[in-house]
Amino acid sequence: MAVLNRVLVAGLPLVPKPIVYRFARRYVAGETLKQAVAQVRGLNGRGAMATLDVLGEEVKDRARAEAFTAECVRVLETISQEGIDSNLSIKPTMFGLEIDEAFCHENIERIVAAAKPRGNFVRIDMEDATTTDATLRIYRDLHARYGNVGCVLQAYMRRTLDDIDALPAEGANVRLCKGIYIEPRRIAWKGYETVRQNFVAALDKLLRKGVYVGIATHDEYLVCAADVLIDGYGLAPDRYEFQMLLGVDEELRDLLIERGHRMRIYTPYGREWYAYSMRRLRENPEIAGHVFRAAFGRS
Ligand SMILES: Cc1cc2nc3c(=O)[nH]c(=O)nc-3n(C[C@H](O)[C@H](O)[C@H](O)COP(=O)(O)OP(=O)(O)OC[C@H]3O[C@@H](n4cnc5c(N)ncnc54)[C@H](O)[C@@H]3O)c2cc1C
């Protein structure tokens with residue numbers, strides 16, 4: 001069955017968009033900010049914080065990058081006005097990283113500056129390895145000048161333990177995840193267990209350094225390993241948080257909240273839901289199988 005589902009994943013682009021949307025709905029808060037706010041309110045009611053994400057990647061023209069920047073400022077204003085518990089996650093390539101690093105830096109600075117007086121926080125997501133150095137440069141500069149900004153490190157990258165050494169000495173806030181892009185073996189660990197091992201090593205190093213970590217995983221093995229480290233270091237619940245994607249393993253989410261851990265849900269919204277949802281569906285071949293069968297029948 002697993003093999004069949006993997007074959008079906010390859011055929012996902014053939015499925016009509018409305019059918020994909022029916023299954024993708026669990027991973028995206030909707031197309032509008034209003035829908036996203038309602039979703040965050042629901043999550044807050046269940047004891048979870050959120051991080052809102054305006055969907056979109058790899059912007060190639062300046063006007064679009066500026067429009068996304070304005071949308072993110074609007075998100076921050078709305079979070080304040082609505083009194084919901086959410087910060088904001090952003091992807092550098094949406095703000096022009098592939099056009100010009102300085103232009104991207106300026107756009108991200110506008111967003112971080114807009115968050116600052118509102119007491120909010122901006123997480124700069126990590127994209128593929130061609131963007132890592134520039135993303136960390138932008139992060140380090142804005143962290144030094146504003147403070148209310150965090151970065152992401154990916155456990156599959158061979159450089160991650162070294163990148164931890166180069167974090168700001170004070171007040172670093174890092175999301176640690178496995179990493180979602182397909183990278184060459186030269187720079188990325190490839191084995192499933194190897195990535196897990198590097199995740200635990202990186203988490204241990206971050207916690208020893210006193211970094212506030214967003215532990216972003218749905219892998220129960222890693223959740224358990226994190227629990228052991230948190231217990232071993234005697235960390236108070238305000239020194240770290242778990243993070244999960246909207247719509248993924250809600251049972252694990254609720255179990256962690258019940259155990260008194262802080263939990264933040266990555267809550268994407270926007271008209272560009274298709275690419276994001278396809279990535280989520282590819283990660284979950286069982287659901288991809290349902291999508292394909294809904295479109296083309298059981299045969
Ligand atoms: C809050 C958050 C932010 C992230 N930010 C980034 C980022 O900035 N850069 C980056 O490269 N990656 C990011 N990721 C993605 C991450 O790198 C992984 O690709 C993803 O989380 C899957 O890894 P996992 O640790 O959950 O382990 P896996 O081994 O992939 O999954 C563990 C279990 O969770 C289930 N699961 C995982 N994903 C799904 C899904 N989509 N649907 C249903 N079940 C699923 C699996 O079936 C499996 O049983 C982020 C992830 C999270 C949770």
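Quick notes
- Note on the chain: with charges restricted to the Cβ of Lys and Arg (+1) and Asp and Glu (-1), its dipole about the Cα centre is near 620 debye.
- Amide H to amide H, with H built 1.01 Å from N, residue 159 comes under 5 Å of no residue 5 or more places away or on another chain.
- Amide hydrogen neighbours beyond the local backbone of residue 121, cut-off 5 Å, H modeled: 88
- Full extension of the chain segment joining residue 197 with residue 26 gains 58.6 nm, where the gain is 0.36 nm per residue of separation less the Cα-Cα distance.
- Spin-label pair residue 251-residue 205: with each label point 7 Å from Cα along the Cα-Cβ axis, the two points sit 3.5 nm from one another.
- Anchor residue 60: lysines whose Cα lies under 18 Å away (excluding residues fewer than 8 positions away in-chain): 91
- Sequence-distant lysines (8 or more away, or on other chains) whose Cα lies within less than 16 Å of residue 34: none
- Computed E for residue 235/residue 130 - FRET, C-beta separation, R0 45 angstrom, nearest 0.05: 0.85
- Note, ³J(HN,Hα) from phi for the stretch 119-134, Karplus 6.51, -1.76, 1.60, rounded to Hz, x at Gly and Pro: x, 10, 9, 10, 9, 8, 4, 9, 9, 6, 5, 5, 9, 4, 4, 5
- ³J(HN,Hα), Karplus 6.51/-1.76/1.60, whole Hz, each residue of the stretch 76-90, x for Gly, Pro: 5, 4, 5, 4, 5, 4, 7, x, 8, 9, 8, 10, 10, 10, 9
- Computed from backbone phi with θ = phi - 60° and the Karplus coefficients 6.51, -1.76 and 1.60, the 3J(HN,Hα) list for the stretch 265-279 is 9, 6, 10, x, 8, x, 6, 8, 6, 5, 4, 4, 5, 4, 4 Hz; x is used for glycine and proline.
- Inter-label distance for residue 35 and residue 70, nm, one decimal - labels placed 7 Å from Cα along Cα-to-Cβ: 2.2 nm
- Close amide H contacts of residue 85 (hydrogens built in the peptide plane, cut-off under 5 Å, sequence separation of 5 or more or a different chain): none are found.
- The share of C-alpha pairs in the chain whose separation exceeds 36 Å stands at 13 percent.
- Each helix, a run of at least 4 DSSP H residues, gives -39500 (n - 2.57); summed and divided by the residues of the chain, these come to -15500 deg cm²/dmol at 222 nm.
- Average projection, convex hull of the Cα set of the stretch 122-212: 5.3 square nanometres.
- The chain - share of DSSP beta bridges that are antiparallel (%, nearest 5): 5 percent
- Multiplying the residue separation of residue 186 and residue 165 by 0.36 nm and removing their Cα-Cα distance gives an extension gain of 5.5 nm.
- Per-peptide packing, taken as the mean over residues of other Cβ atoms within 10 Å, places 144-152, 219-227 in the sequence 144-152, 219-227 from highest down.
- As a fraction of the 1.4 Å probe accessible area of the chain, surface on carbon and sulfur atoms comes out at 52 percent.
- Accessible area (Å², per residue) of the chain, counting only protein heavy atoms and a probe of 1.4 Å: 46 Å²
- Farthest towards the positive end of the charge dipole of the chain, among the residues 278, 223, 79, is the Cα of 278, using unit charges on the Cβ of Lys, Arg, Asp and Glu.
- The value obtained for the stretch 1-131, namely the Cα convex hull volume divided by the number of residues, is 151 Å³ per residue.
- One chain, two ends: residue 6 and residue 113. Fully extended at 0.36 nm per residue, the span grows by 34.1 nm beyond their Cα-Cα distance.
The values are calculated or read from the model by the stated rules, or taken from the named source; none is laboratory data. Note that the coordinates shown come from a computational prediction; the quantities given were computed from them, not determined experimentally. Please note: Cβ atoms are built from the backbone with ideal geometry, for glycine as well, and neighbour counts cover all protein chains shown. Quick note on the areas: whole protein, heavy atoms, side chains included, nothing else; ligands and nucleic acids left out. Shrake-Rupley method; radii C 1.70, N 1.55, O 1.52, S 1.80 Å.
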